[in-house]
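Some notes on the structure that comes next.
The values are calculated or read from the model by the stated rules, or taken from the named source; none is laboratory data. Note that the structure is predicted; figures quoted are calculated from it, not measured. Here Cβ is always computed from backbone atoms with ideal geometry, including for glycine, and neighbour counts include all displayed protein chains. Please note that ligands, DNA and RNA were not included when accessible areas were found on the heavy atoms of the full protein model with its side chains. Shrake-Rupley method; radii C 1.70, N 1.55, O 1.52, S 1.80 Å.
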Amino acid sequence: MESFTNLEKQTTHYTTRTYRLDRMHSLLAYLGHPELSFKKIHLAGSKGKGSTASYLASALTALGYKTGLYLSPHLVDYRERFSLSGTFFNDDLLVQTGIELQEQLNGFHFSDQWGETDPTTFELYTAYAYLLFKNSGCEWAVIETGLGGRLDATNTIVPEACVLCPIELEHTKILGDTIEKIAAEKSKIIKAGVPVFIGFEEDAAMSIFLAEAQAQKSETHLLCDAIESLSSKTTTEGELVQYAWKDGRKEQLLLSMRGSVQAQNSALALLVLRTLGLYSDKVLPAIEKNQIPGRFQQLAVSPCLYVDGAHTTHSLQALLQSFKSLHGSSDKNTIIYGALEDKDHRHMANLVLDHFQQIIISRPGTYKKSDITGMFALFNTLAEQRSHSYQILLIEDNMEALKAAYKMTADTDAILVCGSFYLAGGVKAAFEQIRSAYESQLA
């Protein structure tokens, strides 16, 4: 699949030639519409959609439904993209379905005025996920958009519900340089007559979503209308969240996924489940236990090591606050940071400098473009304007960055890795390599 055109690697182009729904419609028709064999919940947004999707999938699984979960990107293992809630598919089924897809598409091409073209990598991933869900007998699937919404390959389904998570400025070269433009792209997952659920949004995004829902005659459910108050506290055991719903219900959950953002992600999932009548006393324990890689995930202690995919200003701000509640504002904590080129670098760098004085800039994978030399220069420029003394290193290789972080950080302090899922995945893979080498030496 990786040998085909991989638009995930691009950060600049968004043309109707490469991002088109007619291609995906043709592909699914050619495969016999595997996506029609299960019920679906479709999610879009700038942040929180992966976590919200996983809460929904774990709850559906707890209710006794076989549930597929389609997420992107993966942190370390491709199987993270298409999973049964909480577990990988059987390897035999993964291989068998891959062979089936390859055989069915042998000789298949799209034809248009530009000539013949092949499916993109993400179109193939999406088709593969649907075939997997069908072949394994899934009754439900929770599906996250890859990029945007309007022209995303997943936007060829008619789900039971559409879910819109918070919007921020992201992928600005592709989706637009304002909240309104980005919200307009995401809003197009709303389907005629399908209920839509909307999380906490800026006014600019909310007005776009409500207008689209009205145009599609879709029943609209707003989290801000359903919940009276929502508070959370990051603890060593997990995220302690208190929910006060406007119907008088009060709940407290200890979520395995830490970080203050998980409060609204879990609340939005609960609103969807209860509104759709998909709820029992099994749901809350399932949501508490639910976890997916790269969401304030703790890998080690002495020193504590965390990886997180936070890559927008608000998600980074929330992560840093949660980290501070666990480890204070010690100037001996270390951050390994790297972000892709289409991010709000100045604001995010200032946030990092507010919380850390030991900073390692490292490459967020080679999957998409990044300019870590430019980022390193930006950090130094901003640091010079401050009264604190900073140690800022540029270490491209993730393994070497992790080793340097360990040397800089005492056992009583902590290391945080963030800025990109690709960086989190790279450091997690490096950590696993170090750990397995250490364990083999002990053996």
Got a number for residues in segment 134-158 being assigned to a loop (DSSP other than H, G, I, E, B), closer than 23 Å to residue 264 by Cβ, at pLDDT 95 or above and open to solvent by 10 Å² or more (accessible area, probe 1.4 Å)? 0
Given (1) within 26 Å of residue 119 (Cα to Cα); (2) open to solvent by 30 Å² or more (accessible area, probe 1.4 Å); (3) assigned to a helix (DSSP H, G or I); (4) not hydrophobic (A, V, I, L, M, F, W, C), where does residue 61 come up short, assuming only one miss? (1)
Restricting to segment 216-251, give me the number of residues that are over 22 Å from residue 320 (Cα atoms), among the small types (Gly, Ala, Ser) and open to solvent by less than 30 Å² (accessible area, probe 1.4 Å). 3
Residue within segment 34-46 that is of a type in the set (Ser, Thr, Tyr), over 16 Å from residue 81 (Cβ atoms), assigned to a helix (DSSP H, G or I) and modelled with pLDDT of 95 or more present: yes
In this structure, does residue 351 turn out to be under 30 Å from residue 72 (Cβ atoms), free of Cβ contacts under 8 Å to residues at least 40 places away in the same chain and under 21 Å from the mean Cα position of the chain (by Cα)? yes
Does at least one position in segment 105-118 carry a residue that is open to solvent by 10 Å² or more (accessible area, probe 1.4 Å) and modelled with pLDDT of 90 or more? yes
Could you go through segment 81-99 and let me know if any residue there is modelled with pLDDT of 95 or more, open to solvent by less than 10 Å² (accessible area, probe 1.4 Å) and part of a helix (DSSP H, G or I). yes
Looking at 416, 340, 423, 402 in this structure, which one is within 18 Å of residue 316 (Cα to Cα), in contact with a helix residue (DSSP H, G or I) (Cβ under 8 Å, 6 or more places away or on another chain), in a helix (DSSP H, G or I) and open to solvent by less than 60 Å² (accessible area, probe 1.4 Å)? 423
Would you check which residues across segment 159-168 are in contact with a strand residue (DSSP E or B) (Cβ under 8 Å, 6 or more places away or on another chain), hydrophobic (A, V, I, L, M, F, W, C) and part of a loop (DSSP other than H, G, I, E, B) and list them? 165
